[in-house]
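Worksheet for the structure shown next.
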Amino acid sequence: MVSNRALSHATLVVASLGLALSACKDAPPPSAPRASMESVSLSRNESALGEDVRQDLAALRQVTATFHRPEAAAAAGWSAQITPCMTDPAGMGAMGFHYGNPGLIDGSVRADSPELLLYEPDENGRLRLVAVEYIVPLSAWTSPHPPRLFDRDFRVNEAFQVWALHAWVWKENPSGMFADWNPMVFCAHA
């Protein structure tokens, strides 16, 4: 059970992320959802990962498969739009729109419960699920070591005061499965 304090903290983090990221340019998300489910085969990025990590990624795909339909994600709790479609100003790629589940933004991490879902707009204005992001508020993490999933340490994002880790489980990322930006994601359609 989530305490009122944890919910208040999660709400504050979501609001802070939304305000901080509202400075990012790009249009609001399109309203038409993606109707069909996407599939991803074992990528070049995954072939070098250990078997345990590949199994965890497969399980993550299984639990997020229904979220290709944004309305299904919203009904399951990922209804808070955290960011507009984010593009890296340095040209490293994009992330897309971030939708969060405030009830999961706390001091814990689980591979099967990402705090954020990332969507890329397609040329028809529909949202396509491309990745997930795990975040933990810096103030909520009490361990002297960073959070860790998929044999990877989370990185500090000072701008948003969170520990963060991306997993590009629904779109190939030439920069790597766990890179922040994906040069194959575009916000131009937004």
Quiz item: Quick one: Karplus J couplings for the range 153-168, per residue in order, coefficients 6.51, -1.76, 1.60, θ = phi - 60°, nearest Hz, x for Gly and Pro?
Solution: 6, 5, 9, 7, 10, 5, 4, 10, 6, 9, 7, 9, 8, 8, 9, 8
Quiz item: Efficiency by 1/(1 + (r/R0)^6): what FRET value for Q55 and D153, r their Cβ-Cβ distance, R0 = 22 Å, to the nearest 0.05?
Solution: 0.65
Self-check item: Residue-wise HN-Hα coupling along the range 71-82, computed from phi with Karplus coefficients 6.51, -1.76, 1.60 (Hz; x: Gly, Pro)
Solution: 5, 5, 5, 4, 5, 8, x, 8, 10, 7, 6, 8
Quiz prompt | Length added when fully stretched, D88-M184, from 0.36 nm per residue minus Cα-Cα | solution = 33.3 nm
Practice problem: Please label the shape of the range 43-190 as rounded, prolate or oblate, based on the square roots a ≥ b ≥ c of the eigenvalues of the alpha-carbon gyration tensor (a/c under 1.5 means rounded; beyond that, a/b larger than b/c means prolate, else oblate). | Solution: rounded
Exercise. List T66, T83 from most exposed to least, where exposure is judged by having the fewest other Cβ atoms within 10 Å.
Key: T66, T83
Quiz prompt | Fewest-first sequence of S175, S143 by Cβ atoms within 10 Å of each Cβ | solution = S143, S175
Self-check item: Order by protection proxy (mean Cβ within 10 Å, highest first), peptides 160-168, 118-126, 146-154
Solution: 160-168, 118-126, 146-154
Exercise. Find how much the distance from E71 to L138 grows on full extension, using 0.36 nm per residue of separation minus their present alpha carbon separation; answer in nm with one decimal.
Key: 21.1 nm
Quiz item: Using the count of nearby Cβ atoms within 10 Å as a rough guide to exposure, how do M184, M177 rank from fewest to most?
Solution: M184, M177
Quiz item: Assuming R0 = 22 Å, what is the FRET efficiency of Q161 and Q62, from their Cβ-Cβ distance, to the nearest 0.05?
Solution: 0.10
Exercise. Using 0.36 nm per residue of separation minus the Cα-Cα distance, give me the extension gain between H145 and S79 in nm, one decimal.
Key: 20.7 nm
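All of the numbers you see were taken from the coordinates with simple rules; none came from a lab. Just so it is clear, the model here is predicted, and its values are computed rather than measured. Methodologically, a virtual Cβ is constructed for each residue, glycine included, from the backbone with ideal geometry; neighbour enumeration extends over all protein chains shown.
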